Each structure stands twice: as C-alpha cells, then as structure tokens.
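Heads up: the structure comes next, in structure tokens.
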Amino acid sequence: MVVLAETLGVSDVTIRTDLSALEQEKKINRIHGGAVLTNQPRSQHFQSRTHVNEEEKRWIARYAAELVEDFDTIILDASTTAYHMAEYLAACQGLTVFTNGVEVAYRLAQNASNKVILTGGLLRLHTDSVGGQFGESVLGSVKVRKAFLSCTGWSASFDPMDDDLFEVQTKKAMVACAETVIILVDSTKFSKQGLAAFANTSQIDRVISDAQIMDDQLSALRQAGIQVMVCSNYSTRILTPEDVQKPIRIGFANLNDEVAFSMAVRQSLVRAAATHKIDLLLTDNREDGVTALANVEYFIAEKVDLVVEFNLDARYGNVLMERLRAAVIPVIAIDIPLPGATFVGVDNYKAGLMAGSLLGCYAIQQWGGRVDKVLSLDLPLSGVIPGTRMQGQLDALRELISIDDDDIIHLDSKNSFEQSRQTVAEVLPALKAAERIVVLCINDETALGAQTAFEEAGSGQRMITVSLGADQVGLTALQKLDSRIIGAVAFFPEQYGETIISTALQILGGKPTPPAICTQHLLILPAETLRILDLSRFPYSGITAEDYAESQRGEFVNQPKNLLLKGVMESS
C-alpha cells in the first residue's frame, strides 16, 4: 500500500478503493498490505477450478499462510487452495518449498529468495500437477517442517481423501516426510467422499476450514485430536482438540491486519497459541475505536477467558476496559496501555531515547551540532504513554544539542504513511531557510512518509530520521542507498506471541504477573550510517542492517563487538 501510494502520489484510501475495484475485475489478488497480479493460471481447467468456492478458499489460504515463517521448509500440493496460499506467501523470504503443483511452483518462484522444487514425475495437464514414483522417491529423501494439503472429500472415519490415485500416492509421501500436516479444506468437502484416503486422523495436526463447517463435523475433527482453524471475513477461531480439558479461550483484537507490524504480532500469536493448544478468536480493530468496542462485545458473547487488545484510540480505553471488567475478563494490552490491563510491548521512552541519541550523534558529527528545525510526528489519539516515545527522542536529542522550543513543530501523523507525507509536505514551504531538519517519528510508516515528502520537494538531504519498529516496511526503506532514515529501533513484533501467551497463562493461573513486560530494543544500522559515524562510545546495542536481514531476528551469527541481542522481553 505504502509503495503504491508513494509512487502514484495519492492517498491510502484511493489506493484501497482502486485495488478493491481491480480485485472485483479479477485483475489482482489482495494480500496483507497490498496486492499481486493475478497471474492467471495458464491452464483453463485449473483457472476454472480457482473460482469454485473462491472466497472461502482465500480465507483458508490467508490464515494458512500465517503459519509459515521466513526460511521455513514446507510442502504445498497442486490444489487451487495451495495456489491461493502461494499468493499470500509473497512477502515471506527464504522459503524452501516442495510441490507437485506446476502453477503453485510458478507463483512461488517469482520471489527470488525462495527455493522451489517440483517433485517431478509425469506431467498431468488436467490437474496441472506432476506425480508418480519419481516424485515419491524425491519426497522420500527429505524432511520438511509443514505440509499444506487439500482434499476432495472425507471418509466416514474423517480421513482426508482424493479422487485421483496419482494424487493419493503423492500425498501419502508428502504426509510421511512432514513434521506437521495441515489440511486445507472448504466446508463443502465434508459432505463428499473421495476414491481413497491419503492420511488418517492420527497423522493430521491441524485442519483449516471456513465458517460454514457444521457443528457435528467440527466436533468429529476435535474428537479425533485435531486442532481446527475456522476462518471467515470477520473473525477466525482456532479450536483445540476436545481431549484438552477445558481449553483456554483467548480473544485477540489486532490493531490493523493490513499493517506490517501488527500483522507480524498476529502471526506470532497464532503460532504460540497453536503450540500451547489454546483456543484463539481473532478480530481486526482497523485502527477504529467503534470497531474495537464491537470486537469486545463479540468476545464477551463468546465467553472468552482473556482478551488481548491492540487498540489505537485511547478515547475508547476506559469504555473497553469497563465492559471487560463487568464481564470479569482479564486483559493484556499490546503496545498502547489500557487502564488496569497488563502491558506487553514497547518500552516507549527507552525506544525514543535510542532513536534520539542516534539522531543527535549524527547532527554533531555531520552537521557540526546545528539543527534548524525539529518536526515531531506525534500520535495524540493514542494518549500519553505512547507519547513518551516521542518525548524520549526529543529529550535525548536535547541532551546532545541545544534546541529552542520555537524550533520544534508538532504534527499529527495519525500513525500512517499518507498522513505523515501530506502533513510534512504542507509545512515544508514555510521551512525554506532550514537546512538541517530532524524528524521524530512514531513508527516505520511515518518515517517513510516524512522522507517521501522531503524527496518530493526535492530536498531529501535536508532531513534525517530514525524509524521505530523495524517491521518489513522500515527495514526495506532502511536498506536503500539514498535513504535519509539513518537507523531503526527494533521492537521484534514477530516474537510477541510467546510472551503474550505465557503472560496470559500466568494471569489465568492466578500467578503474580508484572504490570508491564517490555521489549528489549536493538538499533538496526545501515552500512552508510556505520561508514560516516563514529559509534565507538554509543551507549546502545545495535546490529548492521545486513546481518539483521540475513538472520532470523535473534539468531545472529556474525556480531560486531558490543552488538549483542541478549533477549527480547523483560519485566519492568
């Protein structure tokens, strides 16, 4: 979304409207944060199959993709649901994928960081797949973490089946070489039977279906010891096997499912809940207080044991908490505090100090200690505590450089790329005399928006900023050669899930829980910043952008002196 808005010079709203229209015309497919070209399958038969129960298959594919991590080793079959899933995997990096699907392989191979291996064998045009003994021998020699397989029906004992004996044999080999087997099946398949089963229920770890699944079908799967994910456009339920006594039910209302940072939080929570066999109900607040309140009412009606709330609008904080207190439901608040809730997330002031110190260091060494103006892209809607992120930047900057109050301009970023770009662009004409401008940002998107405004005005070299969060958007911008984003403070959203679930278990178990559990932050530094700045006495830990990109966020191999990540969460 951000790249499209930046390139075309229009608002996020315009981009979303146009993408929706193009999706209706079947010219693109929407994914988290943007869209991809449909790349319509070359086989007319396969193409027609992609449109059967397409909406349900896309829900299933979307949430199946959330179970895949960067650098995962996975199997996808030749189904149309797997093809849709491949579209949602577009943002993943470094995947190793085994598949017997020609169209699936073609779609995944468009990401150069992926290794895509066709299992081989006889090419079968009516299914756009390859199969036979050659492919089975390839699969027999490998071991993968996850296999995502579809089916054409179920047996009376709820074993997944297929109508094609070639597919049955290939899928048996896929099941045998996978640590985790995940079946992707729209609800219509439960009323059908296939020719032969390719797995039994004891080999299946998870089933992902749509909200039209019947209660008796859902119960049969859970009685068989299988975790079930039930997907819809509004919410997603993750249900544990029925052999788990009184499974814990947690509701998670995300900030915005289309924002890179909160999407990473959601994915980490889904993985952690699956590990701990916790029922999880997922909704999207869409950065809107009214929607957040509706989601809370949904959780209350569903009688969840605990709510995890990621709410941007502080005006609704007391209302949300009062409703949940009345229902005797404990709450964990993510990144933005709620009164009385346990806090998990950003150490806002410390993160601000780290960013401000780097900006001050740059100003001293490159600008002779002179700063003409400071633009502070605040987020007043979120209240005082997130505001300390901005205050920390300003305090650290002022500790190193003298800045008059009259030279500080506070702007409302509204937490978005587009608003930051527009707001900064509006004030730039009045700042023609300012040659050295420091921009303080609330997150990665606002940093990129500010930089874009300066570039569009032809004055990119007049500004510097540090992004906060280090999500996919921030890291991409950071590694551009001409970027004026001189660093990023990492929050590690992809590691929130385990901490959230562990904290929830402590709360529900009646164990003492600290009021706040904060991220231990790390500075990500691009090569250009390291080249021009002497950071030998810099007080905070960091790592090069290159090492960070090559790592799996935490498993660093080549660490420069004093650039060590010791953990990502600490109680305070």
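The values are calculated or read from the model by the stated rules, or taken from the named source; none is laboratory data. Since this is a predicted model, take the numbers as computed values, not measurements. Don't worry about glycine lacking a Cβ; one is built from the backbone with ideal geometry, like all the others, and counts go over all protein chains shown. The accessibility values were calculated without ligands, DNA or RNA, using every heavy atom of the protein model including side chains. Shrake-Rupley method; radii C 1.70, N 1.55, O 1.52, S 1.80 Å.
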Open item on the list: Between segment 118-194 and segment 258-280, what is the separation of their alpha carbon centroids in Å?
Closed with: 27
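Using a cut-off of 13 Å between beta-carbons, work out the net charge of the residues near residue 376 (Lys and Arg +1, Asp and Glu -1, residue 376 not included). Before the final figure, lay out each step's value.
On the way: positive: 373, 389, 398; negative: 378, 395, 405, 407, 412.
Cβ neighbours under 13 Å give a net charge of -2.
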TODO: On the full set of protein chains, 1.4 Å probe, figure out the accessible area of residue 59 and give it in Å² to the nearest 10.
DONE: 40
Open item on the list: If you take every residue apart from residue 296 with its C-beta less than 9 Å away from the C-beta of residue 296, what net charge results, scoring Lys and Arg +1 and Asp and Glu -1?
Closed with: -1
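If you place +1 on the Cβ of every Lys and Arg, -1 on the Cβ of every Asp and Glu, and leave all else neutral, what size is the dipole of segment 456-499 about its Cα centre, to the nearest 20 Debye?
280
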TODO: Could you list the trypsin sites (Lys or Arg not before Pro) in segment 78-143 that lie in coil according to DSSP, counting only those with at most 12 other Cβ atoms within 10 Å of their Cβ?
DONE: 143
TODO: Step through the residues of segment 477-491 one at a time and calculate ³J(HN,Hα) from phi using the Karplus curve (6.51 cos²θ - 1.76 cosθ + 1.60, θ = phi - 60°), rounding each to whole Hz and writing x for Gly and Pro.
DONE: 5, 5, 8, 6, 4, 9, 5, 9, 8, 8, x, 9, 9, 7, 10
- [ ] With +1 on each Lys and Arg Cβ and -1 on each Asp and Glu Cβ, and nothing else charged, work out how big the dipole of segment 301-359 is about its Cα centre, in Debye to the nearest 20.
- [x] 120
TODO: Quick one: which residues, 5 or more positions from residue 346 or on another chain, have an amide H under 5 Å from its amide H? H modelled 1.01 Å from N in the peptide plane, none for Pro or chain starts.
DONE: 335, 519
TODO: Name the long-range amide H neighbours of residue 207: under 5 Å, sequence gap of 5 or more, or other chain; modelled H, no Pro or chain starts.
DONE: 183, 227, 228, 229
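Quick check on the chain: helices-only [θ] at 222 nm, where DSSP H runs of length 4 and up contribute -39,500 (n - 2.57) each and the sum goes over total residues. Nearest 500, please.
One gets -11500 deg cm²/dmol as the mean residue ellipticity at 222 nm.
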Task: Whole-number percent relative contact order across segment 250-361, with pairs defined as alpha carbons under 8 Å at least 6 apart - done: 24
- [ ] Could you pull out the trypsin sites (Lys or Arg not before Pro) across segment 278-347 that fall in loop regions by DSSP (anything but H, G, I, E, B) with no more than 14 other Cβ atoms inside 10 Å?
- [x] 303
Open item on the list: Before I look further, what does the chain give for accessible area per residue, probe 1.4 Å, in whole square angstrom?
Closed with: 40
Task: Amide H contacts under 5 Å for residue 116, placed H, 5+ residues apart - done: 97
Task: residue 268 - accessible surface, heavy atoms, 1.4 Å probe, Å² rounded to 10 - done: 10
Task: Vicinal HN-Hα couplings computed from phi for segment 216-226 (Karplus, 6.51 cos²θ - 1.76 cosθ + 1.60; Hz; Gly/Pro x) - done: 5, 5, 4, 5, 5, 5, 5, 5, 7, x, 9
- [ ] Using the Cα centre as the reference, give the magnitude of the dipole from point charges on the C-beta atoms of the chain (Lys, Arg: +1; Asp, Glu: -1; all else neutral), rounded to the nearest 20 debye.
- [x] 780
TODO: First compute the accessible area of the chain with a 1.4 Å probe, then give the percent of it belonging to carbon and sulfur atoms.
DONE: 52
